[in-house]
Structures are given as C-alpha cells and as structure tokens.
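The values are calculated or read from the model by the stated rules, or taken from the named source; none is laboratory data. Just so it is clear, the structure is predicted and the values come from calculations on it, not from any experiment. Here the Cβ positions follow ideal geometry from the backbone for every residue, glycine too, while neighbour counts run over all protein chains shown. These accessible areas exclude ligands, DNA and RNA; they are computed on the full protein's heavy atoms, side chains included. Shrake-Rupley method; radii C 1.70, N 1.55, O 1.52, S 1.80 Å.
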Amino acid sequence: MTAIAIQAQKLLAQKRPTKSFFESCIRTLIILCAAFAVVLSSISICDGHWLLVKNQLFGLWHFCTFTNNSELNCFTDLRLAPVDGLAVGMVLARSMEALAVVVAIFGLELLMVSQVCEDAHSRRKWAMGSILILISFSLSSMGLFGFVILFKDQVTFTGFTLMFWCEFTSSFLFFLNGISGLHINSITHKWNGPKDF
C-alpha cells in the first residue's frame, strides 16, 4: 500500500507544473503592490480632503472653510457648499471609491489564495483576482473623474491635495497589477502547457 501511495505521489508531482523562481517573484510583487494600493486607497478615502480652492477645502465627506484666524470650520452638509449638485455628486463619487476598495480586497484575497493553496483551479483563481483588480481600477477611475467633473470650474492642478494624488496612484496601481496579473497568467500557461513535437 505504501509503494502505491509513493507511485501516486510521483505521478502527481510529474503532472503538476513547477513554477520558476522568477514567476514566483513576479506574482509576489503583484500581490504586494495590490495590497499597497488597497491601503493607499483606504487612507485616501477615509481622510477625504482632496481639493483646496482659495480658502475652502473640499472632500468626499465634508467641506471646510478657513476663517480670518486660520481656523478650520468643517460642515458635513454638502448642500451648504457653493457648488451645484455637490451633495448628490459626492454620494456617487465616494460610493464608487468605497466599492472599488471592497472589490480590490476580494481580488487580492483570490490572488493570495491561488498562491497559498495550489490546486487545479489556482490559475483560474488568479485570473479572477486580476479581473476584480481591473474592475477596482474602473470604479476608482470613475470616482476620480466624477470628483474632477464636480469641480471643473474651481479645479487647478496645484489645488489637489496629497490625498487626491494617493487615490490617483492607487487607481494606477490597480490597473498595472490587474494587467500584469492577467499577462503573467497567460505567458506562464503557454510555458507550462503541453508541447507538441
């Protein structure tokens, strides 16, 4: 019985494609960068201060005004802001951004599970995780674009705060990681696939 089990393990080991060190490093880097993008996006959304216009600071959750004494007065009722449609627009923008983070977390989980628990479906889990990361990029981009459209009359390149650029960077990282994940999956499938002679 032991000999049969050993032979079965040998056959399974022969059938299972071995990953190269380079491929493992690339996949690990993709997972780490995706995790960094999730953290960066979460911080940016929670802080929410994205645009500084003269003596006003606009964000996803509230807007603030600076008084003569340089004190910051913040209001959560966005209808008080001097921007038309800001209250409704911000609900859509922050919903897109929050949903992007949630989808990215599920995508990141699939990427990690595909590497930790390798089985016949690992490649499919990796592909699904990469697709979810790309969906996160789409949602995050729509949120950023919606925010910029809301302030199209007041927006300046230097008016965007560090938190806005953090969100922009995380969105770009979502795109890079999603595309890289699908690409590494496709080229390694070709390398590990059956070869015709």
- request: Report, in order of residue number, the helices in the chain meeting two criteria: a C-alpha extent of 15 Å or more along the helix axis, and a mean Kyte-Doolittle hydropathy of at least 1.0; treat each whole DSSP H run as one helix.
  value: 21-47, 86-116, 122-150
field: Residues of the stretch 47-144: accessible area per residue with a 1.4 Å probe, Å²
entry: 54 Å²
query: Rounded to a whole number, what % of the accessible area of the chain do carbon and sulfur atoms account for, probe 1.4 Å?
result: 70 percent
query: Once the mean 1/r over all distinct Cα pairs of the stretch 81-197 is inverted, what Kirkwood radius in angstroms do you read off?
result: 16.0 Å
message: As I understand it, the dipole of the chain uses +1 on the Cβ of Lys and Arg and -1 on the Cβ of Asp and Glu, about the Cα centre. Which of 82, 133, 156 lies farthest toward its positive end?
response: 133
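Could you give the size of the charge dipole of the chain about its Cα centre, using +1 on the Cβ of each K and R and -1 on the Cβ of each D and E, expressed in debye and rounded to the nearest 20?
Numbers: 14 positive and 12 negative charges, 204 e Å.
Charge dipole of the chain: 980 debye, to the nearest 20.
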Where the Cα pairs of the chain fall when distances are cut into 10 Å bins, in %: 9, 29, 23, 16, 11, 7, 3, 2, 0
query: With +1 on each Lys and Arg Cβ and -1 on each Asp and Glu Cβ, how big is the dipole of the stretch 97-197 about its Cα centre, in debye rounded to the nearest 20?
result: 300 debye
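For residue 40, what is the net charge nearby, where nearby means another residue's Cβ is under 14 Å from its Cβ and Lys, Arg count +1, Asp, Glu -1?
Numbers: positive: none; negative: 47, 97, 167.
Here the count lands on -3.
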field: Local electrostatic count, residue 139, Cβ distance below 13 Å [Lys/Arg +1, Asp/Glu -1]
entry: -1
- prompt: Å³ per residue of the Cα convex hull, for the stretch 22-113?
  reply: 112 Å³
